[in-house]
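The values are calculated or read from the model by the stated rules, or taken from the named source; none is laboratory data. No experiment lies behind these values; they were computed from the predicted model shown. With ideal geometry, Cβ positions are generated from the backbone for all residues, glycine too; neighbour counts draw on all protein chains shown.
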Amino acid sequence: MTLTATTTPNPCLGDCNGDGEVTVDELIQMVKIALGSSDVTACTAGDADGDGTITINEVIAAVNDTLNGCPPQQ
């Protein structure tokens, strides 16, 4: 039997450091990425669809996670 490691996606859009919450500095990092002044690798948790960019829709969703808290991990 071969075991394969899998990763559980972070349900908290914009949680760049993986601590379970989205902070203002992480939102600012996402905006910098969306404007092209920073690379998406600085916050891959902000790229919900995995297309290598951060869009305004993803920033808005991250703002919602900041205001309302992140969904519980399953």
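Observations, loosely collected:
- Reported count of residues in the stretch 59-69, each being touching an Asp or Glu at 6+ places or on another chain (Cβ under 9 Å) and closer than 13 Å to CYS16 by Cα, is 3.
- All of THR6, THR44 fail the test of being at pLDDT below 95 and not basic (Lys, Arg), apart from THR6.
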